[in-house]
């Protein structure tokens, strides 16, 4: 497979044949050499190195698609003709807040309002630490109960990959709230995904789903994250996001969780509301 970039500015190419290149490296400047009335970039993948070769469909890794009410994040997708797309601008505050470094320690305060004891006893002050396993996978572990939330950050996207432990703790709701967060997007942008079934369902319904999958899937948990208006998101203004988690059975909503997230220079605050309880989680770096 070969990549072709056309109409580059004359004498602007900064690499030569045989060079190894990396993401973010300057290759050349956009121009209008060849049959081109104005500066633009023609980019394609093709099966041979020759002009006129058969081209190949190749998706964009991450981009924002303009919609009537904002922007939708698309991953490895194909923009259609006449659609307006935007390159996600990295938000430095968001990137810093979700950059968890092995050895980092977090002080976490959890407040719970509920009539049920199983939720109320999750209140308290906890210490979380950031670690890596033998596969160099980063995870956050609660020192009290040793629950762990595994994550990945590729400098464009933060997302959690797995959770191990009791599914009623502050760390569990931290995992659910920040399940998938792009590190660059605009006010009104939204990102959608599906949370693994074992994270939200249990008991007989999960057993039945495991038994008949993949022939028939009747359980689903939708995740939708939206960035709200909150000052100048490209600089130092606080960020406010909202996540809605919807559990479905046979296509019908069975439960919903509303999560509000506020990220400031000094902490991350998460409020989770559902039928049985309300969680307030405040997370900040532990002082040395």
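Please treat every number below as a calculation from the coordinates, not as lab data. None of the values given here were measured: they were computed from a predicted structure. Cβ coordinates were reconstructed from backbone atoms using ideal geometry, including for glycine residues, and neighbour counts include every protein chain displayed.
For the reader, a short list of remarks on this structure follows.
- Tensor-based shape of the stretch 125-231 (alpha-carbon gyration tensor, a/c under 1.5 rounded, otherwise prolate or oblate): oblate
- Within a Gaussian network of the chain (alpha carbon springs, distance under 10 Å), most fluctuating of 153, 136, 87: 136
- For the chain: relative contact order, % (alpha-carbon pairs under 8 angstrom, 6 or more apart): 14 percent
- Distance between the stretch 31-106 and the stretch 108-172 - C-alpha centres, whole angstrom: 32 Å
- Most mobile listed residue (138, 55, 254) in the chain, GNM with C-alpha springs under 10 Å: 55
- Computed from Cα atoms, the angle from the helix 203-212 axis to the main principal axis of the chain rounds to 40 degrees.
- Separation in nanometres of the label points that stand 7 Å from Cα toward Cβ, at residue 90 and residue 256: 3.6 nm
- At R0 = 22 Å, FRET efficiency that the Cβ-Cβ distance of residue 275 and residue 104 yields, to 0.05: 0.05
- In this calculation the C-beta distance from residue 162 to residue 265 is compared with R0 = 22 Å, giving a FRET efficiency of 0.15.
- Computed extension gain for residue 222 through residue 16, at 0.36 nm per residue and net of the alpha carbon distance, reaches 69.5 nm.
- Just checking the listed ones, 99, 42, 11: in the Gaussian network model of the chain with Cα springs under 10 Å, the one fluctuating most is 11.
- Cα point-scatterer Debye curve for the chain, base-10 log of I(q)/I(0) at q = 0.08 Å⁻¹: -0.46
- Taking the stretch 1-58 and dividing mean pair separation by its residue count, relative contact order in percent (alpha carbons under 8 Å, at least six apart): 41 percent
- Scattering profile of the stretch 1-58 at q = 0.12 Å⁻¹ [log10 I(q)/I(0), Debye over alpha-carbon scatterers]: -0.32
- Cβ-Cβ FRET estimate between residue 192 and residue 133, R0 fixed at 41 Å, reported to 0.05: 0.90
- Dividing the summed helix terms, -39500 (n - 2.57) for each DSSP H run of n ≥ 4, by the number of residues in the chain produces a 222 nm estimate of -2500 deg cm²/dmol to the nearest 500.
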